[in-house]
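Comments concern the structure below.
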Amino acid sequence: MQRRILLTALLSLVGVATCLASNAPKVVIDTDFNTMGDDGQVGVMASQLYAAGAIDLLGFTIVSGNQWRIQEVADCLKTVERMGISDKVGVYVGSDYPILHDYNDYLLQVATFGAPIDYLGAYSKPEPTKGQLVPPPDGFAKHTKAQDEPAVDFLIDTFHRYPHQVTLLALGPLTNVALAMKKDPTIIPLIKQIVIMGGQIFAAGNAYNDAAEFNWWFDPESVQVVLRAQVSRLIIPLDVTNTVTLPKKVYNQIIDRTPPTIVTEIYKEVGPNPGSFIYDTIAFASFFDPSLDTDVRSLYVDMHTTFDADYGKSIVSTSNPYPVPNVLSRSQVVFGINNNAFFNLYTQLFVQPVPVQFQK
């Protein structure tokens with residue numbers, strides 16, 4: 001009875017008490033995963049809402065970004081196993097390297113424009129071998145394996161299987177997404193929406209030399225492909241994620257849960273600290289409950305792909321910069337969210353039982 005009251009309160013909090021099972025929004029999460037960084041936190045949130053019947057989580061597709069792909073796959077496999085959804089939600093292995101901006105290209109960038117001063121993600125260290133992987137605090141997955149189908153093919157198949165029904169939540173570099181669009185352009189009009197955590201509109205960047213946001217700097221060419229596709233896009237840039245930092249009160253509510261769960265224990269051990277940015281969780285919440293967005297603007301957003309000091313930086317205008325039609329369409333860009341409502345949702349999802357308890 002207590003569990004049902006908790007769940008009803010949670011769903012009512014975001015106005016989805018009747019959004020169950022077949023009516024739940026379908027989503028694929030394309031992610032540069034980690035155990036309990038922002039991507040890993042989204043894994044927890046998505047698992048709980050999937051179990052509650054509030055979303056239909058079709059799979060995780062993995063792309064190098066925060067870490068190298070091999071480590072991200074290991075972390076994601078353990079997460080779906082830990083959360084109790086591994087028999088229902090697959091993990092699909094995607095791109096290990098960007099379209100052009102590979103590690104050697106990054107070294108050329110350093111040699112040409114100077115040493116990095118900010119976040120590098122996977123490029124901060126050499127790609128590990130299987131024997132060099134770092135296990136999550138509770139160990140590697142024991143029985144969960146990655147799906148045989150590559151991530152790009154899974155994306156293509158999914159958009160054909162559910163035309164106009166699937167949102168793609170893109171939380172890392174856009175390599176998998178761009179490659180799927182290039183391999184089968186017929187999927188583009190079939191995508192319901194792409195929700196993207198990435199870019200910087202007026203804010204400073206946070207990658208390499210502060211010019212660009214990390215996800216977009218890691219593979220600018222893929223970003224240009226996605227931004228120039230004729231598809232509905234919602235962008236959650238640094239301009240909004242920089243305004244949402246983890247309050248100490250919320251942090252304490254999670255780590256002080258009694259009794260603790262394996263999630264709250266890992267959150268305390270390797271998760272964010274009070275005051276941290278929790279980027280991807282904002283994008284996930286915006287997908288799940290658009291009413292959280294308090295400032296959304298319609299802009300033309302393109303990508304700077306010239307190999308110079310601004311490589312990977314967003315190009316933004318209020319009017320169409322191109323005389324040729326269909327080069328660029330408008331993107332909806334989020335600049336503000338309801339922080340209190342967001343953290344109510346965030347906290348509730350992190351203190352739920354683990355493994356998740358599916359609604360019957």
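Just a few scattered comments:
- Look at where the Cα atoms of the stretch 298-360 and of the stretch 62-135 average out, and the two centres are 21 Å apart.
- Shape of the stretch 230-306 from the C-alpha gyration tensor: prolate (a/c of 1.5 or more and a/b above b/c, with a ≥ b ≥ c the square roots of its eigenvalues).
- Cα gyration tensor shape of the stretch 22-103, rounded if a/c is under 1.5, else prolate or oblate by comparing a/b with b/c: prolate
- Of all lysines in the structure, the ones whose alpha carbon falls short of 20 Å from that of LYS78, not counting any fewer than 8 places away in one chain, are LYS88, LYS130, LYS142, LYS145, LYS268.
- Computed over the alpha carbons of the stretch 155-280, Rg followed by Dmax gives 17.6, 50 Å.
- Rounded tilt (10° steps) of 38-51 against the dominant C-alpha axis of the chain: 50 degrees
- Note on GLU127 and ALA204: their simple-model spin labels are 3.3 nm apart, each label 7 Å out from Cα toward Cβ.
- Local net charge near VAL93, Cβ-Cβ under 10 Å (Lys/Arg +1, Asp/Glu -1): -3
- A straight Cα-to-Cα reach below 19 Å connects LYS192 with the lysines LYS26, LYS182, LYS183, residues fewer than 8 places away in its own chain not being considered.
- The value of relative contact order for the stretch 26-350, using C-alpha pairs under 8 Å at least six residues apart, is 19 percent.
- Packing-based ranking, highest mean first, of 323-334, 48-59 given that Cβ atoms within 10 Å are counted: 48-59, 323-334
- Using Cβ point charges alone (K and R +1, D and E -1), the dipole size of the chain about the Cα centre works out to roughly 1120 debye.
- For the chain, with +1 on Lys and Arg beta carbons and -1 on Asp and Glu, the positive-most of ILE315, VAL63, PHE335 along the dipole: PHE335
- Euclidean distance between Cα centres, the stretch 172-187 to the stretch 25-39, Å: 17 Å
- Its DSSP H runs of at least 4 residues, each contributing -39,500 (n - 2.57), put the calculated 222 nm mean residue ellipticity of the chain at -10500 deg cm²/dmol, to the nearest 500.
- The stretch 26-350 shape via C-alpha gyration tensor axes, a/c threshold 1.5: rounded
- Stretching the chain fully between LYS182 and THR245 yields a gain of 19.0 nm (0.36 nm per residue, less the alpha carbon separation).
- Top positive-direction residue, dipole computed over the stretch 140-202 with Cβ charges, set THR167, VAL152, VAL177: THR167
- Per-peptide average of other Cβ atoms within 10 Å, ordering 139-148, 220-229 highest first: 220-229, 139-148
- Peptides 284-290, 62-68 ranked from most to least packed give 62-68, 284-290, packing being the mean of other C-beta atoms within 10 angstrom over each peptide's residues.
- Length released on extending from SER319 to SER298, taking residue separation times 0.36 nm less the Cα-Cα span: 6.6 nm
- Share antiparallel - DSSP beta bridges, the chain, percent rounded to 5: 30 percent
- Note on the chain: dipole from Cβ charges, positive end direction compared against LEU49, PHE140, ILE99; the farthest Cα belongs to LEU49.
Computed from the coordinates by the stated procedures, all read-outs in this text should not be read as laboratory data. Given the structure is predicted, the values throughout are model-derived calculations rather than measurements. Using ideal geometry, Cβ is built from the backbone for each residue, glycine included, and neighbour counts are taken over all protein chains shown.
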